[in-house]
Amino acid sequence: MNIKKLIDDHFVGGTVYQAFLDPWCYHRWHSPVSGTIVKSFKLGGTYYLDNPSLNLGNANHNVENYIDSQPLLSTVSVRQVFIIKLDDGSNRHIAVIEIGMAEVSGCQPTVIEGQKIAKGDQLGYFQFGGSSHVVIFDKAFELSFNPAIHKINKAG
């Protein structure tokens, strides 16, 4: 399957959800849907990077810098990408991208292309915590998010 065509047909115009996983969180990945893994690949990346414009002269890297750096990290850190075709007959897809942040350089998939999976099945794991993940929903999904998801928790 041509990856560019798959992206153009399903994800351009779709919805992106990204979240941060604290180092002490559970770091095994589970499928949010039932379907078939149509693509699975790893993208190499950087190690211990955050957006330098967020440091503002501060030499101390802290968790807020990493959280605020998620848009940058999702394009430059090591990533494991899964594209899953839903088995509901709709021809919709989702992309699940696991992102190794900070000291996380190991993304270990436990599924392969062509494998059928059920919602909740393990997709893989990080070798150490402190990471991010992205879910990209097919443009055919009609989604709305709970407004509480946008709540920002800043230490004062």
If we ask which residues in the range 4-28 are among the aliphatic types (A, V, I, L, M) and either free of Cβ contacts under 8 Å to residues at least 60 places away in the same chain or in a loop (DSSP other than H, G, I, E, B) (or both), their number turns out to be 2
Within the range 116-156, restricting to residues that are of a type in the set (Val, Ile, Thr) and at pLDDT below 80, the one that is surrounded by the most Cβ atoms within 10 Å (Cβ to Cβ) is ILE149
Of the residues in the range 16-38 that are aromatic (Phe, Trp, Tyr) and out of contact with any strand residue (DSSP E or B) (no Cβ under 6 Å at 6 or more places or on another chain), the one that is farthest from GLU113 (Cα to Cα) is TRP24
Open item on the list: Among the residues that make up the range 67-83, is at least one of them more than 19 Å from SER131 (Cβ to Cβ) and modelled with pLDDT of 90 or more?
Closed with: yes
Checking VAL38, VAL33 in turn, the sole residue that is at pLDDT 90 or above, surrounded by 13 or more Cβ atoms within 10 Å (Cβ to Cβ), hydrophobic (A, V, I, L, M, F, W, C) and assigned to a loop (DSSP other than H, G, I, E, B) turns out to be VAL33
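The values are calculated or read from the model by the stated rules, or taken from the named source; none is laboratory data. None of these values were measured; they are calculated from a predicted model. Reconstructed Cβ throughout: ideal geometry from the backbone, glycine too, with neighbour counts over all protein chains shown.
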